[in-house]
Amino acid sequence: MSEDGYFDEPVAATYDESSPEMFDPSSVEPVVEVLAELAGDGRALELGIGTGRIALPLAHRGVPVAGIDMSAAMVSRLRAKPGGEDIEVTIGDFATTTVDGSFSVAYVVFNTINNLTTQSAQVACFRNVAAHLEPGGCFVIEVGVPELRRLPPGETYHVFSGSGDAWGIDEYDVATQGLISHHLHVVDGKLERFSVPFRYVWPAELDLMAELAGMTLRERWAGWNRERFTNESRQHVSVWEKPADASP
Ligand SMILES: C[S@@+](CC[C@H](N)C(=O)[O-])C[C@H]1O[C@@H](n2cnc3c(N)ncnc32)[C@H](O)[C@@H]1O
């Protein structure tokens, strides 16, 4: 694996086209709305800022945005977009990398918390965020609810997508909460595979990580339009708050 991690040059080159629905204004605008409201007059920090899908429209709304990402290839795509040069980005691991200043909101979207593949790295990420937040500041995560109810007892693989020449298969290790997402494509008659490891994490476990970092749950929605979170929800948007009387 290169220093860019799994989002290296070939992935970065097609990232924006690979999930067009995530770039649609109907997906982006509600995210920006929630984050701008939480940012208020303060600054926002995006962990895994990528090509700027959320950071750029948020900055366009007038919120000063900074970001952390380990992939120089992804960040170079952000830089090439209008306004991309104005966003301060630090290259590094968002579980541990520090940036200057404090923030009224920090956020990690699009399941990116699961890119941290150990519990200790996810806990470190919460602690790192808490250290960057102003008192009363918020941490927001958008992530899927683990799909274990789709995995029959004794099975390891779950096919999550399939078409004539492309398949997505999740490989579970329930002992470690590990999940390898395999993407298989037929290209020029040959089967190509791209596999990425994740650590799936439960909402309650995230709440505990927040508590370890001195934060408490403020909101949990099923989506960015603040839909009610229920036992049928397949993803959640959660907001934890650093106490207003915490030392900065
Ligand atoms: C799924 S993309 C999301 C990008 C952007 N936030 C978006 O919503 O389009 C995940 C991003 O997180 C970055 N990333 C993954 N793990 C990371 C880590 N441990 N430290 C820093 N960046 C990481 C990747 O390089 C990639 O740019």
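All of the numbers you see were taken from the coordinates with simple rules; none came from a lab. Computed from a predicted model, the values in this text were never measured in an experiment. We place every Cβ from the backbone using ideal geometry, glycine too, and count neighbours over all the protein chains shown.
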Taking the criterion of being outside any strand (DSSP E or B), crowded, with 18+ Cβ neighbours inside 10 Å and not aliphatic (A, V, I, L, M), would at least one residue in the range 196-203 satisfy it? yes
From (1) within 12 Å of the ligand (Cβ to nearest atom); (2) at negative phi, pick out the condition that doesn't hold for residue 5. (2)
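Based on this model, can you work out whether residue 108 counts as within 12 Å of the ligand (Cβ to nearest atom) and β-branched (Val, Ile, Thr)?
On the way: within 12 Å of the ligand (Cβ to nearest atom): yes; β-branched (Val, Ile, Thr): yes.
So residue 108 passes the test.
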Scan (1) part of a loop (DSSP other than H, G, I, E, B); (2) more than 8 Å from the ligand (Cβ to nearest atom); (3) small (Gly, Ala, Ser) for the single condition residue 95 breaks and write down its number. (2)
Residues of the range 24-60 being near the ligand (Cβ under 8 Å from one of its atoms) and in a helix (DSSP H, G or I), in sequence order, are 55
Within the set of pairs 6+ apart or on separate chains, which have a first residue in the range 5-23 that is in contact (Cβ under 8 Å) with a residue 60 or more places away in the chain, a second that is in a loop (DSSP other than H, G, I, E, B) and within 10 Å of the ligand (Cβ to nearest atom), and C-beta atoms under 6 Å apart? 5/70; 5/71; 7/71; 15/51; 16/51
Output for the range 133-159, where each listed residue is within 16 Å of residue 239 (Cα to Cα), away from the ligand (no atom under 14 Å from the Cβ) and surrounded by 16 or more Cβ atoms within 10 Å (Cβ to Cβ): 133, 134, 137, 138, 139, 145
Residue 86 versus (1) under 24 Å from residue 195 (Cβ atoms); (2) more than 9 Å from the ligand (Cβ to nearest atom): which is the lone unmet condition? (1)
Are any residues in the range 122-148 within 24 Å of residue 19 (Cβ to Cβ) and not in a strand (DSSP E or B), and if so, which ones? 122, 125, 145, 146, 147, 148
